[in-house]
Protein chains: 2
Amino acid sequence: MATPHEPKQDRSRVTRQRLLEATIDCLAETGWTGATVSTVAERAGVSRGAAQHHFPTREELIAAALEYMFDNRMDMSKAEQILIREIPPGAVRTHAVVKALVESYTSPFFKAALQVWTHATTDPVLRERIVPLEAHFGRIAHRRAVEGLGVDDSDPVAHHLVQATLDLARGLGLADVLTDDSARRKQIIDQWSKTLHLALEGTMLAKKEAPQED
Amino acid sequence: MATPHEPKQDRSRVTRQRLLEATIDCLAETGWTGATVSTVAERAGVSRGAAQHHFPTREELIAAALEYMFDNRMDMSKAEQILIREIPPGAVRTHAVVKALVESYTSPFFKAALQVWTHATTDPVLRERIVPLEAHFGRIAHRRAVEGLGVDDSDPVAHHLVQATLDLARGLGLADVLTDDSARRKQIIDQWSKTLHLALEGTMLAKKEAPQED
């Protein structure tokens, strides 16, 4: 089944992946200034020419690295979602969903992405490139949270509580970049989960009590 | 009452303030790389020597700018606190406190501070300098929120809900750096205020129903 082209395509894919992983490492260790196409190529052990063949500009490299980080985070959370679906709906499941969500914002990916977002505030070209990506990521993360919590997203209260949970997760991610905030974070996750569970239960009860249309 | 030293001290204070304001502008417009003692001095119209007299190192300048931003944010919120105290305790007051809190995280100060935090993740000298500052700011912001909400901070549920509200505010701040998130933010503020109010009311009711020791 193999064609003569496959090995070359494989090599190209491996090179691309090595460049993206090196980008994330450079961002996390040396920040935005340390993540140029040249430094990334050197770290990945790829020639500058080959790196530029994959990513002609720094913006393309950074945008591709953001997508790669997001896809990885989502793949990890896919595995978690499978585990979460085993838990019957209720307070325990809500806690598991909130915990998984928050932890995805304290990963090294978040710290690398923070370098990009922060730089983009002063770089309009980069900003224009990553704003649509971030909007897309936000929609997927929201959908995953809705599925995990098993709520009706067309209910505005549920919709806004899910959004608030994602905002909280982002805030907890930012609180963890300079010091290890894990002990405090655990308490916030526990409390938020309880409060969220009660509030979401309220939306479901309200729905049951409302007159049915069917 | 004036002494011959006062005008000189005044000049010195004005110079210091101009340097700090120029630091914030430089951080917000050009990011970390654009905020050196030289560029800040130039922007402030102060000689490099005078700037270095006030701030011998870049870390000292940045740390002082963080303190200046925080003090300003707190002064603004002091004015708001006075207005908030006019509102009788209840859902309306909770909403006003949450709104004021969140808005303080979407100010230009937050955006300038974000440049510092993000850079500090890859700069241990800066990090060591600002971590104690941030811990101090966090304690003050928490106390202000507790006073505004009028809750008993020794109650662990109330304590963690106040912390979660500050974490949510930080997350909403970060969501606003690349695009104008104000319309969505308003909805999140409205929903979380309601949920928080009910949850805090629950802690107060629980206390009333609990056996009194006196």
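Derivation of every value follows stated rules applied to the coordinates shown; laboratory data play no part. Please read all numbers here as calculations on a predicted model, not as lab measurements. Here the Cβ is made from the backbone with ideal geometry for all residues, glycine too, and neighbour counts use every protein chain on show.
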Report the longest stretch of chain B that contains none of the GluC sites (Glu not before Pro) sitting in a DSSP loop with at most 13 other Cβ atoms within 10 Å.
-> B:87-212
Electrostatic dipole magnitude of the protein assembly as shown [Cβ: Lys, Arg +1; Asp, Glu -1; Cα centre; debye, to 20] = 800
How far is helix A:58-85 tilted, in degrees, relative to the longest principal axis of the Cα atoms in chain A, given as a value from 0 to 90 rounded to the nearest 10?
-> 40
For chain A, with a Gaussian network of springs between Cα atoms less than 10 Å apart, report the residue from A:Phe110, A:Phe137, A:Phe70 with the top mean-square fluctuation.
-> A:Phe137
Give the calculated FRET efficiency between B:Asp180 and B:Ile87 to the nearest 0.05, with a Förster radius of 41 Å applied to their Cβ-Cβ distance.
-> 0.90
If Lys and Arg each add +1 and Asp and Glu each add -1, what is the summed charge of the other residues whose beta carbon sits under 12 Å from the beta carbon of A:Ser77?
-> 0
Over chain B, calculate the relative contact order: mean separation of alpha carbon pairs under 8 Å at least 6 apart, over the residue count, as a percent.
-> 22
Relative to the other copies, what are the label-point distances for B:Asp155, with labels 7 Å from Cα along the C-beta vector, expressed in nm at one decimal and sorted shortest first?
-> 2.5
Say we join alpha carbon atoms closer than 10 Å with springs in a Gaussian network model of chain A; which of A:Ala44, A:Ala79, A:Ala120 then has the biggest fluctuation?
-> A:Ala79
Among residues other than A:Pro56 whose Cβ falls under 14 Å from its Cβ, what is the net charge (Lys/Arg +1, Asp/Glu -1)?
-> +2
Highest-fluctuation residue, B:Gln187, B:Gln115, B:Gln81 considered, GNM on chain B with Cα pairs under 10 Å = B:Gln187
Would you mind working out the magnitude of the charge dipole of the range A:1-56 relative to its Cα centre, with +1 at each Lys and Arg C-beta and -1 at each Asp and Glu C-beta, to the nearest 20 Debye?
-> 200
If each residue's Cβ is checked for other Cβ atoms within 10 Å, how do A:Ser38, B:Ser193 rank with the fewest at the top?
-> A:Ser38, B:Ser193
If you place +1 on the Cβ of every Lys and Arg, -1 on the Cβ of every Asp and Glu, and leave all else neutral, what size is the dipole of chain A about its Cα centre, to the nearest 20 Debye?
-> 480
Which distances, shortest first and in nm, link A:Thr179 to the matching position in the other copies, using label points set 7 Å out along Cα to C-beta?
-> 3.4
Residues other than B:Gln191 with Cβ under 14 Å of its Cβ, Lys/Arg counted +1 and Asp/Glu -1, net out at +1
Normalised convex hull volume, the range A:65-209, alpha-carbon set, Å³ per residue = 105
Please label the shape of the range B:1-137 as rounded, prolate or oblate, based on the square roots a ≥ b ≥ c of the eigenvalues of the alpha-carbon gyration tensor (a/c under 1.5 means rounded; beyond that, a/b larger than b/c means prolate, else oblate).
-> oblate
In the structure shown, of A:Lys194/B:Lys99; A:Lys186/B:Lys99; A:Lys207/B:Lys186; A:Lys99/A:Lys208; B:Lys78/B:Lys99; A:Lys208/B:Lys194, the pairs separated by more than 18 angstrom at the C-alpha atoms are A:Lys194/B:Lys99; A:Lys186/B:Lys99; A:Lys207/B:Lys186; A:Lys99/A:Lys208; A:Lys208/B:Lys194
